[in-house]
Each structure stands twice: as structure tokens, then as C-alpha cells.
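Enquirer: I'd like to ask some things about the structure below.
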């Protein structure tokens, strides 16, 4: 069974990493960092996997933002079962740091809540998307560099 899964993931390569990272960046509970290490472990190119994960995860984050943007806070909270205290914390953080909050949207569970709240509060989407992409790229770059060795990743 393991070999079937590995062959399936090898066949889909970068697209597979991107799709799984997209799902992880949306509201689907998948750990994309583990998948990234797996793809590296089966011999895929470190830069390619990092970029595929970043693009996919950022698109998933944009989906979260847009879900918040297109609806109300009450609907977001009731549909995703977000407690008032968690949403209030997200609101306070966004009021204090604005679109920079998107930089930590890679944090599991909290990241999705922050992106939904950023959308609900109609924070400038272009700034949110840019900061979110940067944060996700830095996170994946760190995971990749940790796996491959920093010297190998940066060409030293």
C-alpha cells in the first residue's frame, strides 16, 4: 500500500505538492510541512517543491480571505464553528497590526481564522496577499533548508 501512495505522489510531483498545499492553506486540516519533507525525501527538487508549496498554500489562503470577504462575521463563525474569543483575538490582532497579520497566516488553525477575519474586515487584499505569500514562502524555505541543509539550499 505504501508503494502505491508513493508512486501516486511521485506521478503528480509539483502539481501534487501544490494541490495538497492549497488544501492545507484553505480550511482542510492537512499538514503541508510534512508533505513538503516527504516530496523532498522522494528526490524532488528543493526549489521546485518550495515554490509549488508556496503557490498552492497562498492560493488556499486567498480562498480563506475571500470566504470572509464575501460573507459576514456571524456566518463565518457559525459555519466554521469559531468561538467568539478566538474571533475577538483575531480582530484585536488585526486592529493592532493590520495587513501585517497575514504574515503569520501559516500557523495552523489560527492562520485560517486570521485570514477569514482579514476578509470580513475588508483589509486591503493586495497587501494581505503579498504579506501572506511572503510569510508562507519563508516558512517553506526554512522547512526545506532544514531538511536539505542550509548550505545545500543556498548554494554554499
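The values are calculated or read from the model by the stated rules, or taken from the named source; none is laboratory data. Every value quoted in this text rests on a predicted model; they were computed, and no experiment measured them. Using ideal geometry, Cβ is built from the backbone for each residue, glycine included, and neighbour counts are taken over all protein chains shown.
Enquirer: Any residue that is at pLDDT below 90 and loosely packed, with under 13 Cβ neighbours inside 10 Å - is there at least one of those in the range 108-118?
Expert: Within the range 108-118 (the criterion being at pLDDT below 90 and loosely packed, with under 13 Cβ neighbours inside 10 Å), the answer is yes, since at least one residue qualifies.
Enquirer: Here's another thing I want to ask about it. How many residues does the range 74-86 hold that are over 20 Å from residue 129 (Cα atoms) and in a helix (DSSP H, G or I)?
Expert: Narrowing the range 74-86 to residues over 20 Å from residue 129 (Cα atoms): 74-75, 77-86.
The next check asks that each one be in a helix (DSSP H, G or I); those that pass are 74-75, 77-80, 84-86.
Of the residues in that region, 9 qualify.
Enquirer: Also: Which of (1) under 20 Å from residue 53 (Cα atoms); (2) in a helix (DSSP H, G or I) does residue 108 not meet, given it meets every other one?
Expert: So the condition that residue 108 fails would be (2).
Enquirer: With respect to residue 98, is the statement that it is at positive phi and out of contact with any helix residue (DSSP H, G or I) (no Cβ under 9 Å at 6 or more places or on another chain) true? Talk me through it step by step, then tell me what you get.
Expert: Values: at positive phi: yes; out of contact with any helix residue (DSSP H, G or I) (no Cβ under 9 Å at 6 or more places or on another chain): no.
It is false that residue 98 is at positive phi and out of contact with any helix residue (DSSP H, G or I) (no Cβ under 9 Å at 6 or more places or on another chain).
Enquirer: Filter the range 33-53 down to residues that are in contact (Cβ under 8 Å) with a residue 60 or more places away in the chain and buried (at least 23 other Cβ atoms within 10 Å of the Cβ) and give me whichever is nearest to residue 141 (Cα to Cα).
Expert: Here the residue is 50.
Enquirer: Looking at (1) at pLDDT below 90; (2) crowded, with 16+ Cβ neighbours inside 10 Å; (3) under 22 Å from residue 49 (Cβ atoms), which one does residue 139 not meet, given that it meets all the others?
Expert: Just one mismatch for residue 139, condition (1).
Enquirer: Okay, moving on. When you go through (1) surrounded by fewer than 20 Cβ atoms within 10 Å (Cβ to Cβ); (2) within 13 Å of the chain's Cα centre (by Cα) one by one for residue 66, which number turns out not to apply?
Expert: Tallying (1) surrounded by fewer than 20 Cβ atoms within 10 Å (Cβ to Cβ); (2) within 13 Å of the chain's Cα centre (by Cα), residue 66 fails exactly one: (2).
Enquirer: Can residue 115 be described as closer than 24 Å to residue 18 by Cβ, assigned to a helix (DSSP H, G or I), in contact (Cβ under 8 Å) with a residue 12 or more places away in the chain and under 11 Å from the mean Cα position of the chain (by Cα)? Steps first, answer last, please.
Expert: Details: closer than 24 Å to residue 18 by Cβ: yes; assigned to a helix (DSSP H, G or I): yes; in contact (Cβ under 8 Å) with a residue 12 or more places away in the chain: yes; under 11 Å from the mean Cα position of the chain (by Cα): yes.
Considered against the rule, which asks whether it is closer than 24 Å to residue 18 by Cβ, assigned to a helix (DSSP H, G or I), in contact (Cβ under 8 Å) with a residue 12 or more places away in the chain and under 11 Å from the mean Cα position of the chain (by Cα), residue 115 comes out as yes.
Enquirer: Quick one: count up the residues across the range 39-73 that are assigned to a helix (DSSP H, G or I) and touching a helix residue (DSSP H, G or I) at 6+ places or on another chain (Cβ under 7 Å). Steps first, answer last, please.
Expert: We begin by selecting, within the range 39-73, every residue assigned to a helix (DSSP H, G or I); these are 39-41, 46-69, 73.
Applying the additional criterion that residues be touching a helix residue (DSSP H, G or I) at 6+ places or on another chain (Cβ under 7 Å) yields 39-40, 46, 48-50, 52-62, 64-69, 73.
Residues meeting the conditions: 24.
Enquirer: Could you tell me which of the residues 90, 133 is touching a helix residue (DSSP H, G or I) at 6+ places or on another chain (Cβ under 7 Å), under 22 Å from residue 54 (Cβ atoms) and part of a helix (DSSP H, G or I)?
Expert: Working: 90 fails: under 22 Å from residue 54 (Cβ atoms).
From the options 90, 133, the qualifying one is 133.
Enquirer: Restricting attention to the range 12-28, which residues are assigned to a loop (DSSP other than H, G, I, E, B) and either without any contact (Cβ under 8 Å) to a residue 40 or more places away in the chain or over 17 Å from the mean Cα position of the chain (by Cα) (or both)? Walk me through it before giving the result.
Expert: Of all residues in the range 12-28, those assigned to a loop (DSSP other than H, G, I, E, B) come to 26-28.
Residue satisfying the conditions is 28 alone.
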